[in-house]
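Comments concern the structure below.
The values are calculated or read from the model by the stated rules, or taken from the named source; none is laboratory data. Note that the coordinates shown come from a computational prediction; the quantities given were computed from them, not determined experimentally. FYI the Cβ positions are ideal-geometry reconstructions off the backbone, even for glycines, and counts take in every protein chain you see.
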Amino acid sequence: MNFGVIVFPGSNGDHDCLHTIGETLGQPVRAIWHRETSLDGIDCVVLPGGFAYGDYLRAGAIARFSPIMAAVERFAGAGGPVLGICNGFQVLTEAGLLPGALLRNANLEFRCQWQHIRAARPDTPFTGGLVEGQVLRLPVAHGEGRYFASPEELARIEANGQVVFRYCDAAGATTEAANHNGSLNAIAGVCNERRNVVGLMPHPERGAEALLGGADGRLLFESVLARARAVAGV
């Protein structure tokens, strides 16, 4: 399975993604510069964390207009698996590929810590190896991670089952203390209606090896690999 990691000016999670996919999982992967216009030969697209274009205007607002994004939209429209991590999640919401928006954390602090999240949907390419309710421990590092949607949009997201992850404590409870950035309904990640595009604020690529403090993030990448093998009949 060939992975492509989109690199914007200001990306800083791209090397982590390239390492996790290429070295930890042993899969072919290449960096795709934002000025490229094709995703030929790519089977899975990852938009990494960082500060694309310095987060000027607002996080992801300028990156959304990068030349490569037209190809990402076509890829997603054709059903290709797309994963947006942190800033990549912000870019996907700005591009309209995912619902809602990411606002400044409620406490106006940049939070860099380990965080528990609970899997809500096992039917996306990146969660097929999880069970509903499974708790993962992953790092977060963001100042604009508070998930927001209008009441009408939020109700539609919930009704459609588009919430993929929620912030929780170690036991899986969605407490106020566990919702460190004040996201509506403790939402940590969502998908599109077709379920092939997933965005989340925690960093699975930074928590994919025990040496780093936890390997739960590896499960998301292994899930998409298992889905690809199943489709190919391998």
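For A149, indicate whether it is among the hydrophobic types (A, V, I, L, M, F, W, C) and within 16 Å of C86 (Cα to Cα). Steps first, please.
Details: among the hydrophobic types (A, V, I, L, M, F, W, C): yes; within 16 Å of C86 (Cα to Cα): no.
Considered against the rule, which asks whether it is among the hydrophobic types (A, V, I, L, M, F, W, C) and within 16 Å of C86 (Cα to Cα), A149 comes out as no.
Every residue, every condition in (1) under 23 Å from V45 (Cα atoms); (2) buried (at least 16 other Cβ atoms within 10 Å of the Cβ), yes or no:
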| residue | (1), (2) |
| --- | --- |
| R156 | no, no |
| D169 | no, no |
| A173 | no, no |
| N185 | no, no |
| A188 | yes, yes |
| R194 | yes, no |
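Considering every residue within the range 145-155, establish whether at least one is assigned to a loop (DSSP other than H, G, I, E, B) and either over 26 Å from E73 (Cα atoms) or modelled with pLDDT under 95 (or both).
Keep residues of the range 145-155 that are assigned to a loop (DSSP other than H, G, I, E, B), which gives 145, 149-150.
Those still in the list that are either over 26 Å from E73 (Cα atoms) or modelled with pLDDT under 95 (or both) too: none.
So far as the range 145-155 goes, no, none of its residues is assigned to a loop (DSSP other than H, G, I, E, B) and either over 26 Å from E73 (Cα atoms) or modelled with pLDDT under 95 (or both).
Within the range 85-101, count every residue that is on the phi > 0 side of the Ramachandran plot and either free of Cβ contacts under 8 Å to residues at least 60 places away in the same chain or under 9 Å from the mean Cα position of the chain (by Cα) (or both). Talk me through it step by step, then tell me what you get.
Restricting attention to the range 85-101, the residues satisfying the condition of being on the phi > 0 side of the Ramachandran plot are 86, 96, 100.
Now restrict to residues that are either free of Cβ contacts under 8 Å to residues at least 60 places away in the same chain or under 9 Å from the mean Cα position of the chain (by Cα) (or both): 86, 96.
Residues meeting the conditions: 2.
Take the conditions under 12 Å from the mean Cα position of the chain (by Cα), more than 18 Å from L18 (Cα to Cα) and modelled with pLDDT of 95 or more and apply them to G189. Does it pass? Step through it out loud before you land on a result.
On the way: under 12 Å from the mean Cα position of the chain (by Cα): yes; more than 18 Å from L18 (Cα to Cα): yes; modelled with pLDDT of 95 or more: yes.
Yes.
Give the residue, chosen from I62, I42, I68, I32, that is without any contact (Cβ under 8 Å) to a residue 24 or more places away in the chain and closer than 19 Å to D14 by Cβ. Explain how you work it out, then say what you get.
Numbers: I42 fails: without any contact (Cβ under 8 Å) to a residue 24 or more places away in the chain; I68 fails: without any contact (Cβ under 8 Å) to a residue 24 or more places away in the chain; I32 fails: without any contact (Cβ under 8 Å) to a residue 24 or more places away in the chain.
Testing whether each residue is without any contact (Cβ under 8 Å) to a residue 24 or more places away in the chain and closer than 19 Å to D14 by Cβ leaves just I62.
Would you confirm, using the coordinates I've provided, whether E222 is in a helix (DSSP H, G or I), surrounded by fewer than 21 Cβ atoms within 10 Å (Cβ to Cβ) and of a type in the set (D, E, K, R)?
So E222 fits the description; yes.
Can you tell me which residue is nearest to the chain's Cα centre (by Cα) among those in the range 192-219 that are of a type in the set (D, E, K, R) and not in a loop (DSSP other than H, G, I, E, B)? Break it down into steps so the answer makes sense when it comes.
To start, the set of residues in the range 192-219 that are of a type in the set (D, E, K, R) comprises 193-195, 205-206, 209, 216, 218.
Of the ones still in play, those that are also not in a loop (DSSP other than H, G, I, E, B) are 205-206, 209, 218.
Values: E205: 10, R206: 12, E209: 18, R218: 13 Å.
The selected residue is E205.
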